[in-house]
1. What are the residues in the range 18-29 that are surrounded by 12 or more Cβ atoms within 10 Å (Cβ to Cβ), β-branched (Val, Ile, Thr) and either closer than 14 Å to Val65 by Cα or in contact with a helix residue (DSSP H, G or I) (Cβ under 6 Å, 6 or more places away or on another chain) (or both), if any?
2. Just checking, how many residues over the range 50-70 are over 16 Å from Lys5 (Cβ atoms) and not in a loop (DSSP other than H, G, I, E, B)?
3. Just name the residue that is farthest from Ser25 (Cα to Cα) out of those in the range 40-57 that are surrounded by 16 or more Cβ atoms within 10 Å (Cβ to Cβ) and in contact (Cβ under 8 Å) with a residue 40 or more places away in the chain.
Amino acid sequence: MVEIKLSKILKQLMEEASINQVQLSKEIGVAQSAISAWLCGKKEPSITSLWLLADYFNVEIDYLVGRKDY
């Protein structure tokens, strides 16, 4: 089974950007509860949300899901 590493990587990107869940939710237009669920590993973002995250953090989707290193 493939391990999705999004929660760990998202936490790291948020720390590096000094941004919290509320700020990120406003920046990308996604509910704060959704970001919380992603960070806890309870849910995975839709492809649209992955695009928004990748654009915001200036990374590739493959990096967000742990398929590619930077």
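The values are calculated or read from the model by the stated rules, or taken from the named source; none is laboratory data. What you are looking at is a predicted structure, and each value in this text was computed from that prediction instead of being measured. Quick reminder, even Gly has a Cβ in these numbers, built from the backbone with ideal geometry, and neighbours come from all protein chains shown.
1. Matches in the range 18-29: Ile28 only.
2. Total meeting the criteria: 4.
3. Result: Phe57.
Yes/no per residue for (1) modelled with pLDDT of 95 or more; (2) surrounded by 12 or more Cβ atoms within 10 Å (Cβ to Cβ); (3) among the acidic types (Asp, Glu):
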site	(1), (2), (3)
Val2	no, no, no
Ser7	no, yes, no
Glu16	yes, no, yes
Val59	yes, yes, no
Tyr70	no, no, no
